[in-house]
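Data first, discussion second: the structure below is written as structure tokens.
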Amino acid sequence: MQSIFDTIKKVAIKIDHAIKTEDLGYSDNENPSGEDQLKLDVKSDYIIEQAFKDISIVKALVSEEKEGVLELHDDGKYTICYDPLDGSSLAEVNLSVGSIFGIYEGELKGENLVASAYVVYGPRIELMFATKEGKPLHYRANEGLFDFIGEVTLDEKGKLNAPGGTQQNWCDYHKTFVDDLFAEGYRLRYSGGMVPDLHQILLKGGGIFSYPGTSDKPNGKLRQLFEVIPFAFMYEQAGGQAINSKGMRLMELVPAHPHDTSPCFFGSNYEIGKLKEAYGVKA
Ligand code: P6P
């Protein structure tokens with residue numbers, strides 16, 4: 001596993017350089033989810049693919065930016081599912097973006113995730129790694145190397161509310177849930193970038209990030225393998241919870257297709273409890 005984490009550190013430095021120096025324009029293509037691809041999406045994907053192709057424990061790669069599975073080493077142990085540059089369109093307005101990695105052993109489903117990582121490209125490059133051995137581990141780049149900052153733990157109750165999706169397409173009880181948290185004094189923290197938004201809640205003690213099913217996207221927008229399950233693991237390892245709109249743990253998801261999405265809620269225990277109440281699911 002260490003060779004995977006070391007490779008992610010190298011990739012982080014290279015992608016950060018690309019963000020700061022390369023063309024922010026659009027390519028002529030779409031990704032498998034039908035989203036316009038930025039040249040940076042393609043470049044970041046290439047950087048990751050090139051970095052992992054010589055790592056023998058990596059069996060295959062699955063990218064949010066491409067269809068299908070890229071087989072690398074027949075006797076490899078892990079399949080890495082990744083979003084090379086999540087929220088990439090935010091780069092052109094100079095907001096933070098990120099890369100997300102889910103490391104799976106065997107069939108690509110939640111219970112087979114053995115580790116996850118993400119990178120935040122912001123005023124500094126920051127990394128978070130999580131394995132089943134303990135709390136997520138937070139690192140910060142310094143002159144091309146990564147300093148260990150500390151373990152991350154979510155408080156039982158936080159102060160931040162990150163409500164995703166188009167509000168006019170929320171169902172009534174989701175809107176009530178969001179408004180009730182604001183009425184309790186929660187602060188709105190939503191940039192439109194999943195990685196910095198979830199990173200902020202993890203580092204600032206807690207709260208909730210929600211991306212519900214909506215009238216325009218009944219199954220949500222965020223992809224199970226590359227986004228939802230890796231962050232669900234992070235939040236559970238930090239002492240929080242991560243569920244879908246039926247109250248099921250996101251770590252129990254079994255995607256039918258690599259690009260399947262899911263409604264998703266990540267947060268501290270108090271806020272997840274309030275969500276379960278609002279959605280009428282068992283506590
Ligand atoms: P909305 C970025 O496009 C992304 O995939 C995530 O990073 C982010 O959380 C979400 O979409 C934002 O979606 O519909 O709230 O703009």
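Key figures for this structure:
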item	result
Selection count, the range 202-237, where residues are more than 11 Å from the ligand (Cβ to nearest atom) and out of contact with any Gly (no Cβ under 9 Å at 6 or more places or on another chain)	4
Criterion violated by Ala278 - all others in (1) assigned to a helix (DSSP H, G or I); (2) surrounded by 24 or more Cβ atoms within 10 Å (Cβ to Cβ) satisfied	(2)
All positions within the range 174-201 that are within 16 Å of the ligand (Cβ to nearest atom), more than 14 Å from Ile272 (Cα to Cα), of a type in the set (A, V, I, L, M) and part of a helix (DSSP H, G or I)	Met194, Val195, Leu198
The lone exception for Val254 - which of (1) within 12 Å of the ligand (Cβ to nearest atom); (2) in contact with a Lys or Arg (Cβ under 6 Å, 6 or more places away or on another chain) it fails	(1)
Residue in the range 114-133 that is of a type in the set (Gly, Ala, Ser), over 21 Å from Lys10 (Cα atoms) and away from the ligand (no atom under 16 Å from the Cβ) present	no
Single match in Gly193, Gly165, Gly102 (criterion: assigned by TED's automatic domain parsing to the domain that holds Asn269, closer than 24 Å to Leu90 by Cβ, under 15 Å from the mean Cα position of the chain (by Cα) and not aliphatic (A, V, I, L, M))	Gly193
Odd one out for Cys171, checked against (1) surrounded by fewer than 23 Cβ atoms within 10 Å (Cβ to Cβ); (2) within 13 Å of the ligand (Cβ to nearest atom)	(2)
Of residues in the range 141-168 being more than 15 Å from Lys274 (Cβ to Cβ) and within 16 Å of the ligand (Cβ to nearest atom), the one surrounded by the fewest Cβ atoms within 10 Å (Cβ to Cβ)	Gln168
The listed residue being under 16 Å from the mean Cα position of the chain (by Cα), more than 22 Å from Leu137 (Cβ to Cβ), of a type in the set (A, V, I, L, M) and surrounded by 19 or more Cβ atoms within 10 Å (Cβ to Cβ), out of Leu72, Leu85	Leu85
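The values are calculated or read from the model by the stated rules, or taken from the named source; none is laboratory data. All of these numbers come straight from a predicted model, not from anything done at the bench. All Cβ positions, even for glycine, are placed from backbone atoms using ideal geometry, and neighbour counts span all protein chains on display.
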